[in-house]
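Beneath this line is the structure, given in structure tokens, with notes to follow.
Read the figures in this text as sums done on the coordinates, not as results from a lab. Just so it is clear, the structure is predicted and the values come from calculations on it, not from any experiment. We place every Cβ from the backbone using ideal geometry, glycine too, and count neighbours over all the protein chains shown.
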Amino acid sequence: MENIFEKYYMFKYDNGVMVGVNNEAFELSDESFSLFKELYNTFYGSIDEEDNLISIHTGGWSENEELIEEFQKTFWWFRFHKITATGGHYYFNTDFHGKKEWVVTVNNK
């Protein structure tokens, strides 16, 4: 699965070494998320989209986790990622001025 998102990476690499910024990644960021959704196994995990808020849950499925690991290198991830929670839970906000916001609560038991 390695390098499947290479053209969407935020940075350019040569033999595993970062050599610069990928200027095309910004224009291709929505395309990268579309590809991610096509490859993601929603039988085990889920991708929930509600207005500008997106949550992704791997369901512990190793292929989903590998896909996340690769997708984390994209400009889309860098631009919209807000929170990662233990257990394969990822939260994104695709519109900083959107109507909805994530509400973070703490359970002090």
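A compact table of results
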read-out	value
Cross-chain or 6+ apart pairs with Cβ under 6 Å, segment 5-31 first and aliphatic (A, V, I, L, M), then assigned to a helix (DSSP H, G or I)	Met10/Phe75; Met10/Phe78; Ala25/Tyr8; Ala25/Phe75; Leu28/Tyr8
Top-ranked residue in segment 13-53 [being buried (at least 16 other Cβ atoms within 10 Å of the Cβ) and not hydrophobic (A, V, I, L, M, F, W, C); ranked as farthest from Leu67 (Cα to Cα)]	Asn52
